[in-house]
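Everything on this sheet refers to the single structure shown next.
The values are calculated or read from the model by the stated rules, or taken from the named source; none is laboratory data. This is a predicted model, so every value here is computed, not measured. Cβ sites come from the backbone with ideal geometry, for glycine too, and all protein chains shown count toward neighbours.
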Amino acid sequence: MEKLNERIHTRGSRYPEKVLQYGEGNFMRAFVDWQIDEMNKKAGFGGSVAMLQPLPAGRAEGINEQDGLYTLYLQGIKDGRAVKEHSLIECVSRGIDPYSNYEAYIALAEQPELRFVVSNTTEAGIAFDPSDTKEGRPQSSYPGKLTAFLYRRYRAFGGDASKGMIVIPCELIDRNGDKLKQFVLQYAELWQLEAGFTEWIETANTFCSSLVDRIVTGYPADSIDEITAELGYLDDYVVVGEQFHLWVIEGPGWLKEEFPAHLAGLNVKIVDDMTPYRTRKVRILNGAHSALTPVAYLYGLNTVGESVEHPEVGAFVRGLIGEEIAPMLDLPEEERRSFSEDVLERFANPYVQHYLTSISLNSMSKFKTRDLPTLLEYAQRRGELPPRLTFALAALIRFYRGDRGEERIPLSDDAFVLERFEQLWGACGGSDEELRALTASVLGFTEVWEMDLNAVSGLTEAVSDALIRIERLGMREAVRSLIAAPSANGSR
């Protein structure tokens, strides 16, 4: 069977390279490049992607062997039903290895049609390396490579403002565009580049912070034989992702004209302030994951999917999102409702096995960043405690006892957290008084919470009560009593 390339598949249209992409991994190919392909086909974007290999070992050579072509499978819930579909992505023009062919990379700066820079170099990629020099071939850091590239473009076009770039990083760090721009300006100062370049960066280039959201499981090694038989060709770069996608880009309104994702029906939002969207994702999606995990696992379930489909645990998480988390977000009700429904559909994706134990890593700090803000805001706004989040906090304390019946739970957290829980549970004889004292000790973990949660009115008593119910009734009966009368389990 022949490998995928232009000999067996004739590319539809050829477009000039408008996008320089730092990163050739699974996520970018299943997220950004797919969207550019959709814009080419449906919105007249008319651009291809030059894909840069960011590290010495990478995929550029293999991508070129397939002439930039690869297959994307999207599988999950779509319009209320499970859908598995695939498409051939045609927007990648070539892969470039700057370590073996630096000139091919830097020459891109002189292409007048080039307009966008996108990237995903991992969270560690946007960093400043003071050892990077302008003469590096290439520089070691991504911001260093980008600065050298932009400087070459600035010189090639004589500082022409119309040849500035729109830079949209996708790395999963807060304010990624701001940080990347900061480091570019820092390199300009370190390398003693002329003031005109700094002014050009500030006035002719647009750095956009962005938030990306799609689960990409990558190369389907366990089913590649079946996929190859279905496709009728070999593809070393098949990539699998979920149906859901969201890209929030903080940028000027005119960006919609140059990046017409809305015309292709894509879930791309170009906004003045991305903060509410980031908060929405962290609170609803991540917060629900973290609160659900100890409850569902101690109930006897193992994956997010089976938890959401379970009649009782599913009712718990739907109430958690719909009645406690989402109402605390300052977004239009329709946006909260739509996103919440999308999250529940994603949790129920039959094609993704998301194990609760993988979510449970560092659960204490996750609860602090993802769930505690909602709990505190709910208490402040409504004058009572959120019953499901309060119960989830009690379940988390019980989870850190480290057992599910005869089975040991593979706890993973900071050493001091695990040691503290081991001491507390080891000294607890199980009486109501001892469980209340244990709860007070955990809520007093100022090293984790950065505050003493015992100071929150009614919280110590409510969490203690929930913990005692879990211990006396077992998680199953405790969940049943909670969903039967949630307000009786969390009010002050």
Failed item in (1) free of Cβ contacts under 8 Å to residues at least 40 places away in the same chain; (2) in a helix (DSSP H, G or I), with Arg137 passing the rest: (2)
Matching entry among Leu443, Leu435 (being modelled with pLDDT of 95 or more and touching a Cys at 6+ places or on another chain (Cβ under 8 Å)): Leu435
Verdict on Arg59 being closer than 30 Å to Phe157 by Cβ and charged (D, E, K, R): no
Test: residue in the range 147-162 that is assigned to a helix (DSSP H, G or I), in contact (Cβ under 8 Å) with a residue 60 or more places away in the chain and not aromatic (Phe, Trp, Tyr): no
Qualifying position, being assigned to a helix (DSSP H, G or I) and either within 23 Å of Leu473 (Cβ to Cβ) or assigned by TED's automatic domain parsing to the domain that holds Gly47 (or both), among Glu324, Glu341, Glu345: Glu324
Tyr102 vs. criteria at pLDDT 95 or above and out of contact with any Asp or Glu (no Cβ under 9 Å at 6 or more places or on another chain): yes
Residue among Glu110, Glu24, Glu103 that is closer than 24 Å to Asn205 by Cβ and free of Cβ contacts under 8 Å to residues at least 24 places away in the same chain: Glu103
Residue within the range 348-364 that is closer than 22 Å to Glu450 by Cα, surrounded by fewer than 19 Cβ atoms within 10 Å (Cβ to Cβ) and among the hydrophobic types (A, V, I, L, M, F, W, C) present: yes
Criterion: farther than 22 Å from Arg381 by Cβ, assigned by TED's automatic domain parsing to the domain that holds Gly305, in contact (Cβ under 8 Å) with a residue 40 or more places away in the chain and out of contact with any helix residue (DSSP H, G or I) (no Cβ under 9 Å at 6 or more places or on another chain) - qualifying residue of Leu361, Leu356: Leu361
Check on Thr293, modelled with pLDDT of 95 or more, buried (at least 16 other Cβ atoms within 10 Å of the Cβ) and either of a type in the set (D, E, K, R) or in contact with a Gly (Cβ under 7 Å, 6 or more places away or on another chain) (or both): no
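For every residue, the table says whether it meets (1) among the charged types (D, E, K, R); (2) closer than 28 Å to Tyr351 by Cβ; (3) in contact with an Asp or Glu (Cβ under 9 Å, 6 or more places away or on another chain); (4) not assigned by TED's automatic domain parsing to the domain that holds Ile249.
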position	(1), (2), (3), (4)
Glu6	yes, no, yes, yes
Val49	no, yes, yes, no
Ala60	no, no, yes, no
Gln66	no, yes, yes, no
Lys78	yes, yes, yes, no
Ile106	no, no, no, no
Residues that are among the acidic types (Asp, Glu), surrounded by fewer than 21 Cβ atoms within 10 Å (Cβ to Cβ) and in contact with a helix residue (DSSP H, G or I) (Cβ under 9 Å, 6 or more places away or on another chain), drawn from the range 165-193: Asp174, Glu189
Pair list, Cβ under 9 Å, 6 or more apart: the range 432-455 residue outside the structural domain of Glu419 (by TED's automatic domain parsing), other residue of a type in the set (S, T, N, Q): none
Qualifying residue in the range 38-51 (condition: among the aliphatic types (A, V, I, L, M), out of contact with any Lys or Arg (no Cβ under 8 Å at 6 or more places or on another chain) and at pLDDT below 95): no
Condition broken by Val32, with the remaining ones in (1) within 29 Å of Glu341 (Cβ to Cβ); (2) in contact with a helix residue (DSSP H, G or I) (Cβ under 8 Å, 6 or more places away or on another chain) satisfied: (2)
Some residue of the range 28-40 being aromatic (Phe, Trp, Tyr), closer than 30 Å to Ala348 by Cβ, assigned by TED's automatic domain parsing to the domain that holds Val268 and under 25 Å from the mean Cα position of the chain (by Cα): yes
Subset of the range 330-347 (residues that are at pLDDT 90 or above, of a type in the set (A, V, I, L, M) and surrounded by fewer than 20 Cβ atoms within 10 Å (Cβ to Cβ)): Leu344
Residue within the range 170-180 that is in contact with a Leu (Cβ under 7 Å, 6 or more places away or on another chain) and among the acidic types (Asp, Glu) present: no
